[in-house]
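Taking it in order: structure first as structure tokens, then the write-up.
Values quoted throughout were computed directly from the atomic coordinates according to the rules given, and no laboratory measurement underlies them. Since the model is a prediction, treat every value here as computed from it, not as a measurement. Ideal geometry is used to build each Cβ from the backbone, glycine not excepted, and the neighbour counts take in all protein chains shown.
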Amino acid sequence: MAEHRIDSSKLPPNIREKLSELEQELKEGDITHKGYEKKKHKLMEPFVHQIEVSEQASAAVALKRSGKSRRYEHHEPENRYRSDVREEAVKVALAKHREREMPLPMPSKRQSFHSSAVPIETPPDSDTDDDSRSSTSSLNRLGDRKTGSRPTSAGSFRLPGMEPGFSEMVNRQAAANGHLARGGARRLDVASNMTSSSMPASQPPPDVTTSSGYIAARQIEDDEEEDEDEEDGASYRPIPNSKVSAKIQQLLNTLKRPKRKPLQEFFQEDDDELQVTEMDPNAPKPEGNTITPAIGEQLNIPTGLPRNLESALQRYGTAHQKANVVTSLDANGKVNCTLTYGKLLTRANKLAFHLLHKIGGKGDPQLRPGDRVALVFPNSDPAGFITAMYGCLIANVVPVAIDVPLSRKDAGSQQIGFLLGSLGITVSLTSTVCLKELPKTQQGEIIRFRGWPKMNWQVIDHLNRPAKDWQIPPRMADDAPAYIEYTTDKDGSVMGVTVTRKAMLYHCRTLTVGCNFSESETMVNVLDFKRDVGLWHSILASVFNGMHVIFVPYSLMKVNPASWMHMVTKYKASLAVVKSRDMHWGLMAQKEHKDINLSNLRMLLVADGANPWSLSSCDAFLSTFQTRGLKPEVMCPCACAPEALTVSLRRPGKTGSTASGRGVLSMAGLSYGVVRVDTDDKLTSLTLQDVGVVMPGSAMVVVKVEGPPVLCKTDEIGELCVASEAVGASYWGLRGKTNTTFNVIPLSDDGSDVSSERFVRTGLLGFLGPGGLVFVCGKVDGLMVCGGRRHNTDDIIATVLAVEPMKFIFRGRIAVFSIKVLRDERVVIIAEQRPEATEEECFQWMSRVLQAIDSIHQVGVYCLALVPPNSLPKTPLGGIHLSDTKHRFLEGCLHPTNVLMCPHTCVTNLPKPRTKPGDIGPASVMMGNLVAGSRIAGAAGRDIGSLDDETDAAKKYQFLSEVLKWRAQSTPDHVLFTLLNNKGAVSLALTCSQLHKKAERIGALLQEKGRVNTGDHVALIFPPGIDLIAAFYGCLYSGAVPVTVRPPHPQNLVTTLPTVRMIVEVSKSIAVLSTAAVIKLLKSKEATGTVDVKTWPQLMDTDDLPKKKLGGVYRAPTAEMMCYMDFSVSTTGMLAGVKMSHASASAVCRSQKLACELYPSRVVCLCLDPYSGLGFVLWVLSSVYSGHQSILIPPAEIETNPSLWLSALSQHKVRDTFCSYSVLELCTKGLGQSTGTLKAKGINLSAVRTCVIVAEERPRIALTNSFSKLFRSLGLSARAVSTSFGCRVNVAIGLQGASSPDPTQVYCDMRALRNDRVTIVEKGSPQSVCLMESGKILPGVKVVIAHPETMGQCADSHLGEIWVNSPHSSCGYYTIYGDDSLRSDHFNARLLTGDTHTTFARTGYLGFIKRTDLTQADGDRHDALFVVGSLDETLMMRGMRYHPIDIENTVLRCHKNVCECAVFTWTNLLVVVVELDGKESEALDLVPLVTNAVLEEHYLIVGVVVMVDPGIIPINSRGEKQRMHLRDGFLADQLDPIYVAYNM
């Protein structure tokens, strides 16, 4: 019955409960067995019906599959890769996903992204059928991912931590142990919610950055281990001993006690933290006996064969002069060249004489026997090539055949050039026609190809006869090189395989015996005659046996794919050399099949028979043309390799059960490297055909692919190795690779040599079947080892082609390769997209490809990309140049039109998420640090000193208004401020007296017109200049509290004006002071559309001041009263204002004066924003307090004249200057090529002593170093540039002083910083980041490093929050409602351990303190403060703390087109926004590169990659990125992105 097959665990809880009650009643005898069955059947009836429906659907699918299989048996396959079983497997795999697939968010593109040739833009909100995914707006797509049920099959898309039942298992374990990890319950709820089938669509996407179930399980295991340790420790009892004291006995007991595991919070400092992929314990393993070598038949050389190839040419060239050796066809199928043996002999002798006697002279070296020459001939000129080949053999010159370069940047041409250079080739032989086709310069000379040595091009046509007394040089020794054939490895490196004369001759003999070649036979060749099978059969073995070869060029095959069969029919050829693609193309040309007769063929050599997917082409070709005379025993697949030449060959004409063989193998077994026989009806089976037996006179073994060459088992897949005289000798000039490839001695399991015979690796993967048959299932170069399992590129391509690709991609234009990411190989698929395919169609097809590969191969695809038509690099015969494609992919040069990254499904070896310890308090940490001898992190600036409050000096410096009044009386004509315009001229200068008088008039304006009372707030909206300074002191004179506000930008009122209005409203300002121009802007129509002019408080113009003076300068009753308010927007997007008292304002000025030695005689240049923080203090307060002159340069002037600041420094011989990162960046980028011009203008920066960058972030070392190096030629000292540090709670904590030590730089381990640890490493260490000291701690400032959560003081090896105690700390936050709840947390914080009596202000920035070897002015060792980043901006992912700047620096380094980037998190997904400095068509190149770089360096999976135009990422006035504003713009779809990629 169907109910017996129902899994009771899947029934609803109420049904399970009733079933258990029924069973209990049956046991107790309260119900009969018949009644039990009746009631049970009634309960199970609904579920039985569901099972029957599903079984009927499965039967229908099976019937449909069987019907299709029968139908396809009588039709031609559409591709050589295609098989019926594979297509059925794909359909069944996709059927599993159809109803329960996870909807992938479709990438969004800008309308202008694609040209009209590839229309892939999809209208938003378009409806699709059930088989497709939603194509609504980009943000809703990702949010809808969680709707619907989750697939649980092997082929489903499953994110980490989403295994069904895993969270329930962890819950059961936790319940059994009586406890659950801290925070684990919440995570487990999330995991269980993700596995449920009914999820609300409004929920955010799941957290794919952690494995929730694992966290809890790991915590439980660790807790159990700790409990066991505690029990062990509790049960241990010291044994008393009267001979030793109790202290010594206690020490002995301590040493005997087993060491406890380290705390979980400590991290692993090496790369072993990456998880090792564990092999499946149920994976099949080899079970057979060790393989024995397969020995080929004895080579019995037929009588009458020539001694060598030169003798063969001499024999047939004299005895059969008129016999044809070559017949070549043109692109129209007509004969364009016929070459006889007599002409071949004559031309070869002419060329040999020319090579030895006519090349060189007059300083150029002559060719000598053994020298190498290049043969450059197109595939349409076999006559020229065969002439050059035999001419070189006669002259004892070594030919190297290469492909014709079509351009300077041909795919792989550079590697070919390296090979030519290493071979010492300077002479290239070619034909007249080919020479004309080569690319040339304007002067008519052949261009110098990339990487090629200088070439002497020689034409072999129409050479003179050799001299009458010239004798053919004696033949070289047998071990001398005969020719060199180049091969390319997996990485694209080109190597030259040296084939000796003995091996060439021996190979011709083995081919003659193995293929039963005879004189005067006719052969049709479709292959490239310059290498591999085409060279060996059509050029060498054919002449050795005196045969006639008809060459069918590739250009003709594209026009008429059946032309080679017509040539077989026309010339009654007995031999044909083709590939499976040629048979496939011939099948497709059904109109050309008439008049074809293949009855004369005795051997159809399939050169790529080693390709597992050639079987379908062979079978279809045989079944179609058997009616036209083709016999089954004619099909002869072979296996070959450039290193081992012909490896194996199915003998022609051999019949019987042992002539050929087939094996139906399990693909799952092949992925584990074992042979497991399967059945034909299995969807994941692979049918292989044999490639014959070992060649005569050869021996073959199968050795393990990795490690030493140990013999495999009989049922194990390994690399085929051949021992024979007919193999290559070496890789030219590569001794190491030669030894590992050409000198292999097989080993037994115990490591002993099996034989003294040396074998050659073929690069083919396979095994030896019964009867000595050789089976090949792939190539070593095509092998991808992902997660410990082997996958072949040909198998992946076959699956891709089975997913209905005809509408979307071009067949035969697919590249599959693997890249190394996070120490494992990841599968990448690149295909050329058809122009008519839309974006949505391509995306749906790509999704189905991922599902099919996941189901059939059990491997995730890392990246699937579609590129424009004809954009993949090609080989000379039109195939895909795989290594160059891979290289372009990694370099970001493919320019794809669609990219789908799926790192979550295939990156499974991420480090285990870190779990924080739950029961370690601050006191325990402090005690541990003391026991370990760690230094407690704390530092202080020098003593600021104290003044008696009753003295005149104290009263004078207590209020800034009093200071200005005193200076106006004592030094009225001393210039305090000088404002420069954009041309460097002084636009306005202000003395002490002038400033005092203007401030009085502004104070009078406030009192008379504004009716401002003492303590009222007044907003100052001024552009950077002197008016702002005068307005500030005017407010102080009248008793008002000034609030400085940046004026709105005239070109961007919509964005900037609301911020101005918000600050005015939040600060409760009763009046606004400004200039006439700004007030006019606030009242303009454009501004009124954003902010109603009636909502502004009273607007007062400082350009129209009353002449009446102020009655008297206001003096606050106490210095603790508020002096001004500092409003600013943090990088996290929070607007807040802090209150600064008169005492704090005076204290910060005094601290700066002492640190920087500021006196009235000094000149300081300022180029920064004056609205908040340290910039406001320097611009407005410092000069009045210290009396020095400040040269003011508005930062906006630098945008129009980047050299303005540097010119001012040079002209005024400024010693101290302050600027922002924005100014530094403008000078670096704008003047990078103009240092010579600046030097010619006389700009000299040698007077600059300190150049301080005012910032509230981690120092940008790359920018400061670039600036120092760039302007070093202008006299700028390398030690001059430094940074400062301040924040809201304290505007000036660190600042480079006049007599301070040089700024300190350290290199920290980035992995340690993620775990809140500080590990100093050497420069250049992996995973290291350079940090620079953020200025010297100012006088009067005390700094400690505290744990932000436990409030305990940290050691100097810990990363913690910077806490500061200083007289100039802010008084607190100002809010509308006067809520001071934040004040006690941020401004009156106390440590729980360490210095518990001092009150500190929390900065909200993470950093650490390191004691250096430098000496301060007071003689003590210098304590350096390092700022790492803002605590609010850190990203908590995988249990670790990441700093955005580290990830952004990684992204900036990944490609030259990345001009800026920013990162943030969105629903636990990492979002990377990249500004593209290039064409829009290059945007998608960066998606995989960004994902790779972040994975490699930070072990994080990027969730979303957003490509935008330059300038989109917002920055504030200090040049800091506004990441939260960017996040809001992304969520509101306001970025106008070029492309948004969702890495699901």
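Numerical summary
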read-out: Karplus 3J(HN,Hα) series, Hz, for segment 840-846 with 6.51 cos²θ - 1.76 cosθ + 1.60 (x for Gly, Pro); value: 5, 4, 5, 5, 5, 5, 4
read-out: Linear extension gain, Ser493 paired with Gln1534, 0.36 nm per residue minus alpha-carbon span; value: 370.1 nm
read-out: Efficiency of FRET from Cβ geometry, Asp753 and Gln321, R₀ 60 Å, rounded to 0.05; value: 0.70
read-out: Ser108 long-range amide H proximity, modeled H, under 5 Å; value: Val1540
read-out: Karplus (6.51, -1.76, 1.60) ³J(HN,Hα), θ = phi - 60°, over segment 685-702, in Hz, Gly and Pro reported as x; value: 9, 10, 9, 10, 10, 6, 10, x, 10, 4, 5, x, x, 10, 10, 9, 10, 10
read-out: Taking the C-alpha atoms of segment 1391-1544, convex hull volume expressed per residue in Å³; value: 182
read-out: Net charge dipole size for segment 1497-1544 [Lys, Arg +1 and Asp, Glu -1 on Cβ; Debye, nearest 20]; value: 180
read-out: Inter-label distance for Lys1109 and Asp1420, nm, one decimal - labels placed 7 Å from Cα along Cα-to-Cβ; value: 4.8
read-out: Förster radius 41 Å - calculated FRET efficiency between Asp1477 and Ala985 (Cβ-Cβ, nearest 0.05); value: 0.70
read-out: Peptide ranges 848-854, 783-789, 332-338 listed from the most packed, as the mean C-beta count within 10 angstrom indicates; value: 848-854, 783-789, 332-338
read-out: Full-stretch length increase - Glu706, Val785 - with 0.36 nm per residue and alpha-carbon distance subtracted; value: 27.3 nm
read-out: Packing rank of 457-470, 1529-1542, where each peptide gets the mean count of other beta carbons within 10 Å, highest leading; value: 1529-1542, 457-470
read-out: Across Lys436/Lys874; Lys436/Lys490; Lys965/Lys1139; Lys502/Lys886; Lys820/Lys912; Lys1241/Lys1521, pairs whose alpha-carbon gap is larger than 29 Å; value: Lys436/Lys490; Lys502/Lys886; Lys1241/Lys1521
read-out: Highest average packing first - 1088-1095, 567-574, Cβ atoms within 10 Å; value: 567-574, 1088-1095
read-out: Two-site label geometry, Cys1459 and Thr292: point separation in nm, points 7 Å out along Cα→Cβ; value: 7.3
read-out: Local electrostatic count, Arg1260, Cβ distance below 12 Å [Lys/Arg +1, Asp/Glu -1]; value: -1
read-out: Residue among Ser1084, Ser1151, Leu1073 farthest towards the positive dipole end of segment 1023-1182, charges placed on Cβ; value: Leu1073
read-out: Net charge of neighbours whose Cβ lies under 15 Å from the Cβ of Ala1076, counting Lys and Arg as +1 and Asp and Glu as -1; value: -1
read-out: Within-10-Å neighbourhood charge of Pro481 [Cβ basis; K, R +1; D, E -1]; value: +1
read-out: In nm, spacing of pseudo-spin labels at Gln366 and Thr1132 (7 Å Cα→C-beta vector); value: 8.5
read-out: Hypothetical label at Asn909: residues of segment 768-795 whose amide nitrogen lies under 17 Å (7 Å Cα-Cβ projection); value: 783-791
read-out: Whole-Hz couplings from phi, Karplus 6.51/-1.76/1.60, listed for segment 450-465; x for Gly and Pro; value: 4, x, 7, x, 5, 10, 9, 7, 10, 8, 8, 7, 6, 7, 6, 5
read-out: Segment Leu1263-Ala589, extension gain: residue separation times 0.36 nm, minus the distance between their alpha carbons; value: 236.2 nm
read-out: Förster radius 45 Å - calculated FRET efficiency between Asn1052 and Arg823, Cβ distance, rounded to 0.05; value: 0.40
